[in-house]
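What follows is a short report on a single structure.
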Amino acid sequence: MLEEMTRTQKPLGAAEIMARIPHRYPFLMIDSVIETGPESATALKNVSINEPYFSGHFPAEPIMPGVLLAEALAQTSAFIGMTPNCRDGIGAKAFLSTVNLKFNRPVIPGDQVLLETTLLKRLDRIMKISGRASVDGTTVASGELVLVLPSPDAASQG
């Protein structure tokens, strides 16, 4: 799968990411998209002590909530299928339906999380994604996500 990946001309930064997905601070969970391919995408999350959730998520020993790691993987998935000539990946409006992740160790301030996602299967509007989050080559979370695209009818109703 790695040989099919395309390193973006340069990593996509926050402005380019926000042009692609609807998330904004404090819920934008990826800092750069570094690779995309027909069936995969890779992004980075730089974890800072200034993240708003650290003030209430174990303040004496801050760790990034696992649900936010899942969200970071889901946001990375929006870039699957985006190539240098085609910027229409899986879709910015995909909804997270199912999360089945195993967490191996906490993510703490100062960590840089590598987020790798791969499309396993697509059936119409439903996509099964394999995700892996790692820090310094060590897997911190891995498993599968199911994303659902809204029906075409939903776009005309909103």
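With the requirement that a residue be at pLDDT 95 or above and either small (G, A, S) or out of contact with any Leu (no Cβ under 6 Å at 6 or more places or on another chain) (or both), what does segment 118-137 give you?
Once the filter is applied, which keeps residues that are at pLDDT 95 or above and either small (G, A, S) or out of contact with any Leu (no Cβ under 6 Å at 6 or more places or on another chain) (or both), segment 118-137 yields T118, L119, L120, K121, S130, G131, R132, A133, S134, V135, D136, G137.
A19 - would you say it is in a helix (DSSP H, G or I), modelled with pLDDT under 90 and under 27 Å from D124 (Cα atoms)?
When the stated conditions are applied, A19 passes them.
Consider L147 carefully, then state whether it is within 30 Å of P59 (Cα to Cα), modelled with pLDDT under 95 and not acidic (D, E).
no
Tell me which residues, restricted to segment 113-144, are outside any loop (DSSP other than H, G, I, E, B) and either of a type in the set (D, E, K, R) or in contact with a His (Cβ under 8 Å, 6 or more places away or on another chain) (or both).
Those that are outside any loop (DSSP other than H, G, I, E, B) and either of a type in the set (D, E, K, R) or in contact with a His (Cβ under 8 Å, 6 or more places away or on another chain) (or both): E116, K121, R122, K128, R132, E144.
Go through (1) crowded, with 18+ Cβ neighbours inside 10 Å; (2) in contact with a His (Cβ under 6 Å, 6 or more places away or on another chain); (3) not aliphatic (A, V, I, L, M) for P65 and report which single condition fails.
Result: P65 passes all but (1).
The values are calculated or read from the model by the stated rules, or taken from the named source; none is laboratory data. Only a predicted model underlies this, so the values are computations on that prediction, with no experimental measurement involved. Reconstructed Cβ throughout: ideal geometry from the backbone, glycine too, with neighbour counts over all protein chains shown.
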